[in-house]
Amino acid sequence: MRRDHVAPGLRVRERAGERDLEACVGVLAQVHESDGYPVNWPSRPGDWLLGAATLGAWVAELDGRVVGHVSLSRSAPDDAAPGLWSERAGVGVEASAVLSRLYVAPTARGHGIGALLARRAVREARTRALHPVLDVVSSDTAAIALYERMGWELLAVVEREWDPGQRVALRCYAGPSDTGSPRGAG
């Protein structure tokens with residue numbers, strides 16, 4: 001089992017202003033080049049990060065440098081997990097919040113940054129009495145491993161057509177029933 005070590009000089013804070021957004025786009029470009037996330041590079045990456053129904057967004061800083069990002073938003077029509085979770089829970093999709101845009105700079109991995117960012121978004125969802133859910137591309141094994149280590153529950157695997165002729169398999173998860181502590185930790 002991989003153990004993440006939280007680095008000294010690491011902090012998670014709300015994303016703020018144009019300077020943060022520019023830094024986040026720069027890190028996103030590194031992640032896209034390294035890992036292929038996002039699968040389709042957005043024509044306006046800053047707008048993609050801002051999202052239409054964002055409830056909150058946070059950055060991770062390591063020694064004063066932005067190295068990661070996560071956001072929490074309302075369900076969008078193309079999100080699969082909110083509908084799956086709401087059916088299972090017997091409530092409307094408005095009772096969920098979607099964790100998305102989670103990424104960490106390739107050079108800053110292994111410090112628990114992804115888990116810290118995910119826990120921050122989960123905490124915000126809980127504060128708003130919403131249940132966190134997410135969709136992740138099935139080929140993103142590192143993200144899947146993180147969510148499963150944190151106790152996220154797989155709801156289903158679904159296929160979506162993102163662009164004409166581009167079909168993707170998405171793993172849909174519901175957030176952990178607790179605050180997101182890793183399984184077996186302690």
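The values are calculated or read from the model by the stated rules, or taken from the named source; none is laboratory data. Keep in mind it's a predicted model, so treat the numbers as computed, not measured. Heads up, the Cβs are rebuilt from the backbone with ideal geometry, glycines too, and the neighbour counts pull from every protein chain shown. Note: accessible area is taken over every heavy atom of the protein model, side chains too, but ligands, DNA and RNA are not part of it. Shrake-Rupley method; radii C 1.70, N 1.55, O 1.52, S 1.80 Å.
By the scheme Lys and Arg +1, Asp and Glu -1, what is the net charge of all other residues having a beta-carbon under 14 Å from that of Gly26? Neighbourhood net charge equals -2.
Take Arg88, Arg149, Arg19 and sort them by solvent-accessible surface of the protein heavy atoms, 1.4 Å probe, largest at the top. Write out the running numbers ahead of the final one.
Working: Arg88 135, Arg149 60, Arg19 205 Å².
Greatest to least solvent exposure: Arg19, Arg88, Arg149.
Taking other residues whose beta carbon is less than 10 angstrom from the beta carbon of Gly51, and scoring Lys, Arg as +1 and Asp, Glu as -1, yields +1. Accessible area per residue for the chain, computed on protein heavy atoms with a 1.4 Å probe, is 51 Å².
Of the whole protein surface, Ser100 contributes about 30 Å² of accessible area at a 1.4 Å probe radius. When Asp20, Asp78 are compared by accessible area of protein heavy atoms, the largest-first order is Asp78, Asp20, using a 1.4 Å probe. For the chain, a Gaussian network of Cα nodes joined below 10 Å ranks Gly175, Gly51, Gly114 by mean-square fluctuation, and the top entry is Gly51. Kindly state, to the nearest 0.05, the FRET efficiency for Val168 paired with Asp63, given R0 = 35 Å and r defined as their beta-carbon distance. Efficiency computed from Cβ-Cβ geometry: 0.50. Put Leu134, Leu50, Leu155 in order of accessible area, highest first, and with a 1.4 Å probe you get Leu50, Leu155, Leu134. For the stretch 73-134, a/c is not less than 1.5, where a ≥ b ≥ c are the root eigenvalues of the C-alpha gyration tensor, and a/b tops b/c. That puts it in the prolate class.
What accessible surface, in Å², does a 1.4 Å probe find on Tyr37, ignoring ligands, DNA and RNA and rounding to the nearest 10? Spelled out: Tyr37, probe radius 1.4 Å, area about 60 Å².
When the Gaussian network model of the chain links Cα atoms closer than 10 Å, the mean-square fluctuations of Val93, Val122, Val39 top out at Val39. Within the assembled protein chains, the solvent-accessible surface assigned to Arg160 is about 80 Å², based on a 1.4 Å probe. For the stretch 18-30, the Karplus equation 6.51 cos²θ - 1.76 cosθ + 1.60, evaluated at θ = phi - 60°, returns couplings of 5, 4, 4, 4, 4, 5, 5, 5, x, 5, 4, 4, 4 Hz by residue, with Gly and Pro reported as x.
For Tyr103, the shell of other residues with beta-carbons less than 11 Å away shows a net charge of 0, using +1 for Lys and Arg and -1 for Asp and Glu.
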